[in-house]
Amino acid sequence: MASTQQLKSRIRSVGNTKQITRAMQMVAASKMRRAQEATKASAPYVVAANELLKRFSAQTATDEHPLFVKRKITKRLIILIAADKGLAGAYNTNVFREYLGLLKRDDERGVVNQTLTVGRKASQFASRLKDTEIVGAFDDVPDNPGGIIFRTILDTAVDMYAKHEVDAVNIVYTNFINSINQEAEILRLLPAGTEAFSNPEEFQNDTEEVRYEPSASEVLDGVARRMIGAKIFQALLDARASEHSMRMIAMKNATDNASDLVDDLKLAMNKARQGAITQELAEISGGVEAMAQ
């Protein structure tokens, strides 16, 4: 059994770790609340953007537009969104599992993949894979993913698809459902608007007698790019909210485990102290008896 001095040292060490994990838990909770508010605020816009893209894709005006044309998939761009840091439970692992599954399916179909990574962990993981081409890597993306990083991701995806460098663009990210549930998903970004309508009856008559001003091409150029950008922006927000939520839960579990470990160490120290006292009393009693003889 360890000595009381060793147990005291371990108790202090675990206590210090507990303070760190508790602080990280509080920081993650604060960031998660802000990220959750951001993702909820933008969600209605993204839903409307999806429906608008689907509506456009149902109209003949999009048949020749470079962002709406469906092609046989021989090359795919994957935007992989993960964290810059660890200590977030299974957050990165779940995303990488979906990513590997997509790579495996494409490999079986003879589809060539290129990857654009967001997050240091994503770039580290993808760079270790054999025959994986990384066309871009973005680390330290802020919680509000606007500015040049967001524009570069959007421009890269749109330009590669429009120039026929790839035949499809997918995002692998973590969808934020609530503070308890997050799910790694694969979102199809391009070609635009080819998913089924959520309410088909609502759009049955919308595909007739549609007129565009100044022209269908100009309207689609502006609207489609903005709507695609909205989907990327929402994926980045969801991924960041999920990361903070899973880190908060992981740090809470670590704090609880540290508390349990401290209790066990204190119990062991008390037992060791009690054993030492009992041994001293026995030695004193033995000495008294020896002197009395």
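No lab work stands behind these numbers, since they all come straight from the coordinates. Since we're looking at a predicted model, the values are computed, not measured. Reconstructed Cβ throughout: ideal geometry from the backbone, glycine too, with neighbour counts over all protein chains shown.
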Legend entry - Net +/- balance of residues flanking Tyr173 in space, Cβ distance below 11 Å, scoring K and R +1, D and E -1: -3
Inset, instruction - Provide the convex hull volume over Cα atoms per residue for segment 218-293, in Å³. - result: 39 Å³
Legend entry - Karplus-derived 3J(HN,Hα), 6.51/-1.76/1.60, for each residue of segment 11-22, Hz, glycine and proline x: 4, 5, 5, 5, x, 5, 4, 4, 5, 5, 5, 5
Legend entry - Two-site FRET efficiency, Glu133 against Ala23, from Cβ-Cβ distance with R₀ of 35 Å, rounded to 0.05: 0.30
Inset, instruction - Please report, in whole Å, how far the alpha carbons of segment 1-150 spread along each principal axis, starting with the longest. - result: 80, 39, 26
Inset, instruction - Take every Cα-Cα pair in segment 126-173 and report what % of them are more than 14 Å apart. - result: 63 percent
Inset, instruction - Project the alpha carbons of segment 94-172 onto their principal axes and report the range along each, largest first, in whole Å. - result: 37, 30, 18
Legend entry - Amide H partners (placed H, <5 Å) of Asn175, local residues excluded: Glu183, Ala184, Glu185
Inset, instruction - Enter the per residue convex hull volume of segment 91-139, computed from alpha-carbon coordinates, in Å³ rounded to the nearest integer. - result: 62 Å³
